[in-house]
1. I'd like the FRET efficiency for H295 and K238, computed as 1/(1 + (r/R0)^6) with the beta carbon distance as r and R0 of 22 Å, rounded to 0.05.
2. Assuming 1.567 mPa s and 4 °C, estimate D for the chain with Stokes-Einstein, Rh taken as the Kirkwood radius over Cα pairs, in µm²/s.
3. Given Cβ point charges of +1 (Lys, Arg) and -1 (Asp, Glu) and nothing else, what value in debye, to the nearest 20, does the dipole of the chain about its Cα centre take?
4. Can you give the Rg to Rh ratio of the range 186-252, both from alpha-carbon atoms, with Rh computed by the Kirkwood formula?
5. For the range 284-340, place one equal point scatterer on every Cα, skip the solvent, and apply the Debye formula. What is log10 of I(q)/I(0) at q = 0.12, 0.13, 0.17 Å⁻¹?
6. Given an 8 Å cut-off on Cα distances and at least 6 residues of separation, report the relative contact order of the chain as a percent.
7. How far, in degrees from 0 to 90, does helix 115-124 lean away from the longest principal axis of the Cα atoms of the chain, to the nearest 10?
8. Test of understanding: what is the full-extension gain from H171 to R328, defined as 0.36 nm times their sequence separation minus their Cα-Cα distance?
Amino acid sequence: MDSNSGIPFVNHSRMRTAYSELLNAIQGARPGTFVWALAPSGSGKSEIRQAILPVLAGKQSLWPAGTLPLISVRAMANDRGKFNSKDLTLRLHHAVVEPDFGWLENKDRSVSTDAHHVQAEAEVNNQLWKRVRATQSQPRLQHSFESVAKQRQLKYIFLEEAATLTMVHLHQTSYGYMSNLVRLIEEIGCVIVMLATHTAESLWAGHPDVWNRSRFVYIRPYNLKNSQDERDFVAVLKGIGQSFNLSDPKLLVKNTDLMYANGAGVFGPTIDVVHRAELRRKNEGANSITEAHLHASSSSEKELGTVWSSVLAFNKLADQRPLNGEKRIADFLKRMGTGE
């Protein structure tokens, strides 16, 4: 990923690696595949998506007439705090019938990654789409969506907040929703990119029909126990510092441990410390952010425990070892009852 990739904040090592790995996984996937982009909250999944969309789509002037290469929607927990499959189907249908082409331009780094979803939210709640929601059943909506998607030669669906599919009502299962998605992407002949945190694991774990169609990209936090990660994290702090008026240009680097403790190696919560310090500076009428501002803007130990427990849970998932080595394979087969 070059400097013009469209990443709307510090273009750091993890972002470049994740961008490249995810793009390769998507472009190499066969129709009917789930590509999972998994990362802790605040890692920049939406920013990577925003940078990848125009690359996958190519120039609109080169699209065959009437075609649409991709759509991007967000799963919502808006049915009494739970996921609703009809709502997702409606959003998919809206995206393919009334597409928003704002994502084609990735040059303006000031554009919010939420802008597309905010516009879509307003449109699916207008009178026309409310009437569609009220009068059409989920199966009929899905059949219509699949028909239009095939006509438009849809190749990719991006689904943000995919872990929302685990938030189900009583007597419903997320596996039922995943089985429906399996059938949907096979019917259309497209790839679906699932952007989620580690909490989405139950969507594929124990379900061979989903797992066998899945490819995984893990966007890992920086780990200061790794010397290269430590250097890269320091580079992140230097990049962040360039956007703020600091009392010392090296202020963030000198407080590496504080910044790491607050963000657990994840970009979002790391830069949030500086944003809080900036607000504190303004409220005090100070000219620049000081070390005292940083320390006063640090999260509590309880709050940091939540951040770190989430990152550790993600790392546990991402660090699962592949089955390799003759002894490990033999032991596995023996446990499964197929070894000699």
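Read-outs throughout are calculated quantities, based only on the coordinates presented, and are distinct from any laboratory measurement. Only a predicted model underlies this, so the values are computations on that prediction, with no experimental measurement involved. Cβ placement follows ideal geometry from the backbone for every residue including glycine, while neighbour counts extend to all protein chains displayed.
1. 0.65
2. In µm²/s, the coefficient rounds to 59.
3. Dipole about the Cα centre, nearest 20: 460 debye.
4. Radius of gyration over Kirkwood radius for the range 186-252 works out to 1.23.
5. -0.59, -0.62, -0.77
6. 23
7. Taking the Cα atoms of the chain, the angle to 115-124 is about 40 degrees.
8. This chain segment gains 52.6 nm when fully extended.
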